[in-house]
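J.: Pasting in a structure now, in structure tokens, and then I'll have a few things to ask.
The values are calculated or read from the model by the stated rules, or taken from the named source; none is laboratory data. On a predicted model such as this, the values are computed, not experimentally measured, just so you know. All Cβ positions, even for glycine, are placed from backbone atoms using ideal geometry, and neighbour counts span all protein chains on display.
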Ligand code: IPE
Ligand code: IPE
Ligand code: MG
């Protein structure tokens, strides 16, 4: 029996987020340049997207480039951006064939023009797809996202459109990049790092975290199924007692 059959389809996470980490170390172990690791990470992206769509997961968010990643060597950034352009270009047809909508969060306008154009083109071409939404976090910083939300709310207060007394969690949710995306129930980080790295800080208030030693290019469908099964075996208590949850 395949491990996939152990997944309870009634208890699937609606939204899975992944910090795809370990490409550089994967390449180094093979005596290759870091970019070789990034190139080999594309297959894992494809596999996970396919696996999530097949299972019926509605949202998959992939952390592909953080604002902090702009501090990497210029040639690695350039190679990553080129890889992004060529991958988006190549995969748009597959996304359409599989009824998958592409969207993106982050400071997208800071991306190189060619990258931004390709991304917007793919987002537009896939915008009517319904089976699953694939969210790419690009030039993403969760703190920046929150700062921008606070600025917008501040403006609204200044213009008298909102009374500070009426600010609720929903006011903030309405202003963050993910306003139309439910919070992830499951976060996966590969490569053995146990940190969040400025990813979805607001949205992960109650997310279940799953860490694996596997380096991203080696991550595939089977391990995604493992992570989902692990998630399904947890008791999500949201502050209550176990007895309350069970009744
Ligand atoms: C993740 O792999 C991809 C990006 C951050 C773009 P890394 O490039 O961080 O790989 P390691 O962590 O150095 O192994
Ligand atoms: C986080 O990975 C960002 C992405 C996966 C795109 P990093 O490898 O850049 O994270 P840190 O800096 O080691 O935490
Ligand atoms: Mg890393």
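J.: Which one of 200, 224, 186 is over 23 Å from residue 6 (Cβ atoms) and surrounded by 14 or more Cβ atoms within 10 Å (Cβ to Cβ)?
T.: That would be 200, the only listed residue that is over 23 Å from residue 6 (Cβ atoms) and surrounded by 14 or more Cβ atoms within 10 Å (Cβ to Cβ).
J.: Tell me, which helices (runs of 4 or more DSSP H) wholly within region 146-247 include 3 or more residues that are closer than 30 Å to residue 29 by Cα and out of contact with any strand residue (DSSP E or B) (no Cβ under 6 Å at 6 or more places or on another chain)?
T.: Passing ranges, in order: 221-232.
J.: So residue 211 ticks every box in (1) loosely packed, with under 13 Cβ neighbours inside 10 Å; (2) within 16 Å of ligand 2 (Cβ to nearest atom) but one. Which box is left unticked?
T.: (1)
J.: For the condition more than 16 Å from ligand 1 (Cβ to nearest atom) and surrounded by 18 or more Cβ atoms within 10 Å (Cβ to Cβ), what is the one hit in 52, 48?
T.: 52
J.: Still on this structure: For the structure I just gave you, tell me whether residue 143 is within 16 Å of ligand 3 (Cβ to nearest atom) and closer than 18 Å to residue 17 by Cβ.
T.: Taking the combined requirement at face value, the residue does not satisfy it.
J.: Scanning for something modelled with pLDDT of 95 or more and within 12 Å of ligand 2 (Cβ to nearest atom), does region 85-103 turn up at least one residue?
T.: no
J.: Related question: Collect the residues in region 1-37 that are within 16 Å of ligand 1 (Cβ to nearest atom), outside any helix (DSSP H, G or I) and surrounded by fewer than 19 Cβ atoms within 10 Å (Cβ to Cβ), keeping them in residue-number order.
T.: Result: 30, 31, 32, 33.
J.: Can I ask one more? How many of the residues making up region 66-90 are more than 18 Å from residue 107 (Cα to Cα), surrounded by 13 or more Cβ atoms within 10 Å (Cβ to Cβ) and within 16 Å of ligand 3 (Cβ to nearest atom)?
T.: 3
J.: I would also like to ask the following. Let me spell it out: the conditions are (1) touching a residue at least 12 places away in the same chain (Cβ under 8 Å); (2) within 15 Å of ligand 3 (Cβ to nearest atom); (3) in a helix (DSSP H, G or I), and residue 63 meets all of them except one. Which number is the exception?
T.: Of (1) touching a residue at least 12 places away in the same chain (Cβ under 8 Å); (2) within 15 Å of ligand 3 (Cβ to nearest atom); (3) in a helix (DSSP H, G or I), only one is false for residue 63: (3).
J.: Taking the condition of being over 17 Å from residue 86 (Cα atoms) and either crowded, with 18+ Cβ neighbours inside 10 Å or touching a residue at least 24 places away in the same chain (Cβ under 8 Å) (or both), how many residues in region 109-133 meet it?
T.: 8
J.: Let me ask something else about it. Right, residue 106: at positive phi and either modelled with pLDDT under 95 or crowded, with 20+ Cβ neighbours inside 10 Å (or both) or not?
T.: Spelling it out, residue 106 is indeed at positive phi and either modelled with pLDDT under 95 or crowded, with 20+ Cβ neighbours inside 10 Å (or both).
J.: Would you be able to tell me the number of residues in region 120-145 that are outside any helix (DSSP H, G or I) and more than 15 Å from residue 177 (Cβ to Cβ)?
T.: Residues flagged as outside any helix (DSSP H, G or I) and more than 15 Å from residue 177 (Cβ to Cβ) within region 120-145 amount to 7.
J.: Can you tell me which condition residue 40 does not meet? The list is (1) within 13 Å of ligand 2 (Cβ to nearest atom); (2) part of a helix (DSSP H, G or I), and all the others hold.
T.: (1)
J.: Here are 156, 149: which of them is farther than 30 Å from residue 211 by Cα, modelled with pLDDT of 95 or more and surrounded by 11 or more Cβ atoms within 10 Å (Cβ to Cβ)? Don't jump to the end; show me each part of the working.
T.: Working: 149 fails: farther than 30 Å from residue 211 by Cα.
That would be 156, the only listed residue that is farther than 30 Å from residue 211 by Cα, modelled with pLDDT of 95 or more and surrounded by 11 or more Cβ atoms within 10 Å (Cβ to Cβ).
J.: Does any residue of region 162-183 turn out to be under 18 Å from residue 13 (Cβ atoms) and either at pLDDT below 95 or within 16 Å of ligand 1 (Cβ to nearest atom) (or both)?
T.: no
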